[in-house]
Structures are given as structure tokens and as C-alpha cells.
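Right, one structure below, let's go through it.
The values are calculated or read from the model by the stated rules, or taken from the named source; none is laboratory data. This structure is a prediction, so every number in the text was calculated from the model and none was measured. When we count neighbours, we look across all protein chains shown, and the Cβ atoms used for this are built from the backbone with ideal geometry, even at glycine.
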Amino acid sequence: MHLNRKETVVQNQMSTDSYRALRDRLNYSALKLYATSRYRFMKEMILGEVCEKDATVATTLGDLVHNIMADQGDFHEKFTLAQSIPPTGQILTLTEELYKRSLKSIDDQGRQKDEFSVMFRDAFNSVKYEFDGVTEKAFKKKTLEWALEKFQVEGEMYYKELLENTGKTVVSVDMITKAEKLVEMLRTHPYTADIVNEVSGGDVEIFNELVILYMYLGIEYRSMIDKCKVDHSNKTIQPYDYKCSYDVENGFEYSYLKYGYYLQVGVYDIAMNAWKMEHDMADYTVLPIMYIAVDTTGNTAPVKYQITDKDLLLAMRGFTIRGKRYEGVESIHRNIVWNISTGIWNTSEDVYNNNGLMQMKQIYR
């Protein structure tokens with residue numbers, strides 16, 4: 001039996017603003033944020049402070065590729081075309097740091113609480129000095145006044161443009177063109193064309209940017225699946241996710257760990273299993289996610305990475321590689337629940353229960 005298309009379309013066409021407004025729901029990115037910084041998670045997810053997400057060329061290209069592939073007509077909700085020329089080098093770093101500092105100063109009414117001179121000084125010191133506030137790491141032998149003059153000439157217009165488009169990603173024409181070329185590669189290359197171009201027909205249903213709202217162990221979650229294939233004949237559900245990477249042949253495993261893709265593996269499996277139960281597909285098998293990885297240079301053929309059942313198990317339970325522990329979905333979720341229920345955010349449940357006394361988990365070989 002095919003899905004209830006009416007209900008699915010309602011979720012599938014949820015606007016970008018509505019999706020992002022669900023700040024009280026956890027998602028893969030929230031778990032990744034918690035694994036990186038519990039303090040930052042608390043500031044953003046609990047206190048609702050506006051913070052700019054860390055972005056790279058790869059992540060921005062990835063977002064553009066996602067948007068073009070989905071073809072939902074919401075480009076201007078997510079992106080804005082750059083009107084100014086971004087600065088380069090240390091002035092670019094300073095400008096972006098000033099922007100992040102400015103976001104922290106915005107009150108509930110959308111007004112700046114701090115003077116520009118204060119924010120600029122904080123941004124300059126953050127870029128110039130190490131954590132000790134003494135050792136110079138940038139702008140060596142340069143003064144605050146010198147940096148301000150350079151900023152006013154090279155970075156001020158770009159800074160204002162970032163502020164005016166908070167919540168959107170400022171992109172250049174060149175980056176859009178590159179993203180379009182990557183999409184064209186995905187649509188035409190024999191490795192990926194059959195997956196990327198597949199549409200609903202016969203016993204197969206395809207869903208793009210499928211939004212799923214669900215509960216996991218008492219907490220509300222949300223997920224957006226790039227592409228989902230439901231095969232009613234074989235009773236399988238295959239989710240896909242598009243990724244942009246600098247080296248899809250040799251560097252994807254590195255990205256998998258660095259950017260927490262393993263958490264996405266676990267969260268999306270939970271989401272898809274919740275979704276299938278809501279649509280009377282209890283006897284269908286949810287397959288682990290398949291990543292469609294495309295190189296940011298556009299010079300290398302795309303690569304498909306089929307996640308295995310073992311990968312999924314470790315994504316849920318956590319794992320250790322070369323002495324470094326990567327917490328899984330289960331433990332991160334459990335710690336978030338504990339932090340929320342106790343209101344304690346400066347320590348984990350394990351450390352709290354052991355009164356701050358822990359043993360090292362180093363693996364000696």
C-alpha cells in the first residue's frame with residue numbers, strides 16, 4: 001500500500017522558516033553541537049541565543065547543492081547574493097569574528113546592546129591574542145586603531161551585509177555556479193545518476209527534503225532527509241544524504257568523524273523508523289543511510305558510501321578510534337536529558353555522580 005500522500009506532502013512542504021523555528025526540538029546538528037561544546041549547546045538550544053554557525057567552503061557548497069537538488073523554490077529564504085566584495089586574510093577573519101560578536105549582543109527586540117567600539121575591540125583581541133590574552137597569533141605588532149582603519153576600507157560593507165542577512169548565507173555568483181556544476185555532475189554521472197534522478201513510479205515512492213517530527217525517549221526531535229526511496233515491492237526504505245567534501249575518495253572517513261556524520265546515521269535511523277510506523281509500514285526495513293559524496297573541486301567522480309549495520313550500531317553506542325572516544329547518540333541524548341532535568345550544565349552526569357573523580361580512558365599499545 002502506498003503512503004498517505006496528503007499527509008506526507010504537508011510535512012514535505014514545511015517552509016524553511018517553520019523548520020528552523022523548532023528550536024525546542026533536537027536534531028542531528030544539536031547532538032553534534034553538544035558533543036563539541038555543552039556550553040554552546042546550552043546557550044543556543046536552551047537560552048535561545050543567536051549564534052552564527054561555523055561555515056566552510058565545503059559546507060556552504062553543500063547547502064547550495066542541497067537546495068538546487070531539492071528544487072523547492074526557497075533559495076531566497078536560505079541564501080542571499082553577495083553585493084559587496086568580501087575582504088581577505090586577517091581582515092576577513094576579523095570581520096567574521098566581529099559579526100559573531102555582534103550576534104551575541106542582540107537583545108530580544110533585535111537591538112544591539114553593546115557599543116560598536118566595544119564589540120570591535122573584543123573581536124580584535126579574540127583574533128590577535130591566544131587564550132592568555134598576551135601572546136600574539138595575528139595582527140602582530142599592529143594596533144587596534146590600525147585594524148579599525150583597514151576594516152573601514154576593506155571589511156565594513158561586507159560586515160553590514162552579513163548583519164542585514166542574519167539567518168541566511170551570503171554567497172557569491174562564482175559559488176552558485178560551482179554548486180550548479182556539482183549538481184549537474186551528480187545528475188549525469190553513471191555512479192549517481194540513477195539515484196539522483198529517480199522519481200516516484202510503480203511500486204517506488206521518492207520524497208525530497210522529507211521533514212519528520214518524532215519523539216525519542218521522551219524528547220521531541222526533528223529531521224530533514226535529503227532524499228528517501230520507499231520500495232513497496234521489496235518493503236525497504238532507503239534514506240540518502242548529499243555531502244560536499246574536499247576529498248571524497250580518501251578524506252570522507254576523516255569528515256565522518258570530524259563533522260559528526262556518525263550521529264546523523266543514528267538520528268536518521270530513529271527518524272525513519274518513527275516515520276514508517278506512522279505510515280503503516282511496520283514490516284518495512286529501514287536501510288542505513290547512503291551518503292552521496294561529491295568533491296568540492298568538481299574534478300573527481302562522486303562516491304557513494306553505504307553505511308553498514310555495524311556503522312549504525314556504533315553510531316548509537318559510540319566508539320573509540322586511536323584512543324579518542326566518540327560518544328554515540330544514546331549517551332549524548334542521555335546526558336542532554338540529565339542536564340535539562342537537573343539544570344546543571346557545567347558537568348556531565350558521570351562526572352557529577354563520581355563527585356568529579358574520574359579515571360583516564362587512554363588506550364596504551
Check: In the stretch 346-365, what count of residues is obtained for those that are more than 21 Å from S37 (Cβ to Cβ) and either in a loop (DSSP other than H, G, I, E, B) or acidic (D, E) (or both)?
Finding: 9
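Residues checked against (1) under 25 Å from the mean Cα position of the chain (by Cα); (2) surrounded by fewer than 16 Cβ atoms within 10 Å (Cβ to Cβ); (3) in a strand (DSSP E or B); (4) at pLDDT below 85:
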{"residue": "G73", "(1), (2), (3), (4)": "yes, yes, no, yes"}
{"residue": "H76", "(1), (2), (3), (4)": "yes, yes, no, yes"}
{"residue": "T80", "(1), (2), (3), (4)": "yes, no, yes, yes"}
{"residue": "L92", "(1), (2), (3), (4)": "yes, yes, no, no"}
{"residue": "T95", "(1), (2), (3), (4)": "yes, no, no, no"}
{"residue": "L98", "(1), (2), (3), (4)": "yes, no, no, no"}
{"residue": "G110", "(1), (2), (3), (4)": "yes, yes, no, yes"}
Notebook entry, point to check: For S105, are the conditions met, namely being surrounded by 13 or more Cβ atoms within 10 Å (Cβ to Cβ), of a type in the set (S, T, Y) and either within 20 Å of D174 (Cα to Cα) or assigned by TED's automatic domain parsing to the domain that holds K243 (or both)?
Noted result: no
Notebook entry, point to check: For the stretch 121-169, which residues satisfy the criterion of being aromatic (F, W, Y), under 28 Å from the mean Cα position of the chain (by Cα) and surrounded by 14 or more Cβ atoms within 10 Å (Cβ to Cβ)?
Noted result: F124, Y158, Y159
Next item on the list: Of all residues in the stretch 231-262, count the ones that are within 19 Å of the chain's Cα centre (by Cα) and in a strand (DSSP E or B).
Entry: 7
Margin query: Where the second residue is of a type outside the set (A, V, I, L, M, F, W, C) and modelled with pLDDT of 90 or more and the first is farther than 22 Å from M316 by Cβ and lies in the stretch 328-356, which pairs have Cβ atoms under 6 Å and are six or more apart or on separate chains?
Written below: W345/N339
Item checked: Criterion (in contact with a His (Cβ under 9 Å, 6 or more places away or on another chain), outside any strand (DSSP E or B), of a type in the set (A, V, I, L, M, F, W, C) and modelled with pLDDT of 95 or more) met by exactly one of M272, M281, M277 -> M281
Note to self: From the list G110, G155, G73, G133, exactly one residue is under 30 Å from C244 (Cβ atoms) and without any contact (Cβ under 8 Å) to a residue 24 or more places away in the chain. Which is it?
What the structure shows: G73
Next item on the list: Restrict the check to the stretch 239-256 and report whether at least one residue is loosely packed, with under 15 Cβ neighbours inside 10 Å and modelled with pLDDT of 95 or more.
Entry: no
Notebook entry, point to check: Just for the stretch 310-345: of the residues that are assigned to a helix (DSSP H, G or I) and hydroxyl-bearing (S, T, Y), which one is modelled with the highest pLDDT?
Noted result: S331
Margin query: Among the residues in the stretch 178-186, are any under 30 Å from E96 (Cβ atoms) and surrounded by fewer than 17 Cβ atoms within 10 Å (Cβ to Cβ)?
Written below: yes
